[in-house]
Amino acid sequence: IPEERLAEEDMILGSLRAGRRIEHFETYRRTKSGKIIPLSLTVSPIKNAEGIVIGASKIARDISRQKETQQLLEEYAERLELINSIGRSILSDLNTDSILQKVTDATTKICGAAFGAFFYNRIDASGKSYTLVKLSGASMKDFEGLGMPRNTAIFSKTFSGEGVFRSDNILADSRYGQNPPHAGMPMGHLPVVSYMAVPVVSQTGVVVGGLFFGHPEKAVFKEDHENFVTAIALQAAIALDNAKLYAEVQQLNAQKDEFISFASHELKTPLTTAMGYVDLILEEPAASPSYIKKIGKQMSRLSGIISELLDISRIEAGRMHVNFERYSLAKQVRNSVDALGEKLQGKRVVLQLPEDEITVNVDRFKIEQVLVNLLSNAVKYSPAEKEIKIVALQEGTGILISVQDFGRGIPEEHKEKIFNRFYRVAKTAGNTEGLGLGLYICKGIMEAHAGKIWVESKAGKGATFYISFPAEPLAP
């Protein structure tokens, strides 16, 4: 009997003297080898014919396995409750930053890691870079001077979403530390021996990032750690999708409110101006010819705004009607330039067209609408430049047309968003007329032609917009 449990013997003997049976009493005893093991004791008093206790029968059962199983079940239940708690917490959170920190902290605790990190799967132009987002059990100072992880053999399995990667001793892995300029563990790196990485994959199958764990001792991470962290990673992916969707909805609502306000102003301006000229005509009938021309200009502007709004409603309802007909590609481009007329503001349009006659099957009025919009934007956003370049060519069975200006260019963060509904670049929105719906409408028209539209630009070096579409419409 271990010294700290000697008092139990007095209790057992006291119960026996009183004729009471001791049943399934759990305690610990020391074996001959000195090992402490858990036991379940059953001790019964033995009485003579007169009912006097003259002895006892004792059964001691080794319950080590039951204790281990019970402990595992308790740990499993505790972790399961932790997973559910984390799930409830992150699924009710719509802040990406908060979600990532909660997930990193919880998973680091669950798997017993000394430190954990979440790396966002952001690929740079060379396709090699990832961004450190959150840490647990360590600080950003621990990563200063080390740089972000790269697309190495160790990291590739996680960031490609192939599955969990676990190593009892990452230092013994032949792929570790074989990435110049580092050979082995970089100087100042956190001490990692046990290593585990779990991908975080969105519901659409996109690898959002990865959870990485380290410990200075060997073989710390087990299969059940994989399972628990993977379960949380699944919930984290859902929460991140929800947070992203919420952010997009919030942004869309803000843009919608801004659009409604701006659209109201844009509709009101030509009406107010036209009404002013009407009042002048009433006061000075003799001056009506010049005023009527100005009223017509304002009505034309108003008609264009209403047409844009109608186009938006058709695109949103999936009712964009396209009337295909055969038409000359060169004529299509020239007509679009001519349609802009005075709005070119004296700029020279350089055309580069195919030498051979190429016929396309398109809705020529809608393609003209797209090209006029792109030309109009090129004029607006390159006020100091005198030249705009248009190139049209055939590539296989497709047509590619580009409109290039040499103006201010488009900042990188706006290049994809400018094709979104209600989106306006803040720095330029107040300087130009229009609702900012043109590119969204262009995108809808090109999609109706089984084509696409995109832009290539560098800030301060102009922008080139491209449209591509099949020369012949695809069979339904």
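Yes/no matrix, rows are residues, columns are (1) of a type in the set (Lys, Arg); (2) under 19 Å from Ile399 (Cβ atoms); (3) in a loop (DSSP other than H, G, I, E, B):
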residue: Gly304; (1), (2), (3): no, no, no
residue: Glu308; (1), (2), (3): no, no, no
residue: Ser313; (1), (2), (3): no, no, no
residue: Val322; (1), (2), (3): no, yes, yes
residue: Gln332; (1), (2), (3): no, yes, no
residue: Gly341; (1), (2), (3): no, no, no
residue: Val349; (1), (2), (3): no, yes, no
residue: Pro354; (1), (2), (3): no, yes, yes
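Take the conditions (1) at pLDDT below 80; (2) closer than 24 Å to Leu439 by Cβ; Ala287 misses just one of them, which is (2). Considering only residues in segment 93-107 that are touching a strand residue (DSSP E or B) at 6+ places or on another chain (Cβ under 6 Å) and open to solvent by less than 40 Å² (accessible area, probe 1.4 Å), the one that is nearest to Lys218 (Cα to Cα) turns out to be Thr107. When segment 324-378 is filtered for residues that are over 19 Å from Glu447 (Cα atoms) and among the acidic types (Asp, Glu), the ones remaining, listed by number, are Asp338, Glu342, Glu355, Asp356, Glu357. Filter segment 188-214 down to the residues that are in a loop (DSSP other than H, G, I, E, B) and of a type in the set (Gly, Ala, Ser), then identify the one that is surrounded by the fewest Cβ atoms within 10 Å (Cβ to Cβ). Top of the filtered list is Gly205. Residues in segment 215-252 that are in a helix (DSSP H, G or I) and closer than 16 Å to Gly116 by Cα: His225, Glu226, Phe228, Val229, Thr230, Ile232, Ala233, Ala236. Evaluating Gly304 against the criteria (1) modelled with pLDDT of 75 or more; (2) open to solvent by less than 50 Å² (accessible area, probe 1.4 Å); (3) not basic (Lys, Arg) leaves one unmet condition, (1).
Across segment 267-281, the number of residues qualifying as within 50 Å of the chain's Cα centre (by Cα) and not polar (S, T, N, Q) comes to 6. Only one of the listed residues (Leu245, Leu267) is open to solvent by 60 Å² or more (accessible area, probe 1.4 Å), of a type in the set (A, V, I, L, M) and more than 30 Å from Leu171 (Cα to Cα). That residue is Leu245.
Scanning segment 322-349 for residues that are open to solvent by less than 30 Å² (accessible area, probe 1.4 Å) and among the polar types (S, T, N, Q) yields Ser328, Gln332, Ser336. Suppose the filter is over 21 Å from Gly304 (Cα atoms), charged (D, E, K, R), open to solvent by 30 Å² or more (accessible area, probe 1.4 Å) and modelled with pLDDT under 80; does Lys427 pass it? Taking the combined requirement at face value, the residue satisfies it. Answer with yes or no whether Leu16 is in contact with a Phe, Trp or Tyr (Cβ under 6 Å, 6 or more places away or on another chain) and either part of a helix (DSSP H, G or I) or open to solvent by less than 90 Å² (accessible area, probe 1.4 Å) (or both). For Leu16, the condition - in contact with a Phe, Trp or Tyr (Cβ under 6 Å, 6 or more places away or on another chain) and either part of a helix (DSSP H, G or I) or open to solvent by less than 90 Å² (accessible area, probe 1.4 Å) (or both) - is not met. Put simply, of Ile110, Ile86 the only residue that is modelled with pLDDT under 80, of a type in the set (A, V, I, L, M, F, W, C) and open to solvent by less than 40 Å² (accessible area, probe 1.4 Å) is Ile86. For segment 230-239, the count of residues that are modelled with pLDDT of 85 or more and more than 23 Å from the chain's Cα centre (by Cα) is zero.
Residue under question is Gly184, and the condition is that it be modelled with pLDDT of 60 or more and assigned to a loop (DSSP other than H, G, I, E, B); does it hold? Here the answer is no, as Gly184 does not meet what is asked.
The values are calculated or read from the model by the stated rules, or taken from the named source; none is laboratory data. Just so you know, these numbers come straight off a predicted model, no measurement behind them. Backbone-built Cβ (ideal geometry, glycine too); neighbour counts: all protein chains shown. Keep in mind that these areas ignore ligands, DNA and RNA; they rest on the heavy atoms of the full protein, side chains included. Shrake-Rupley method; radii C 1.70, N 1.55, O 1.52, S 1.80 Å.
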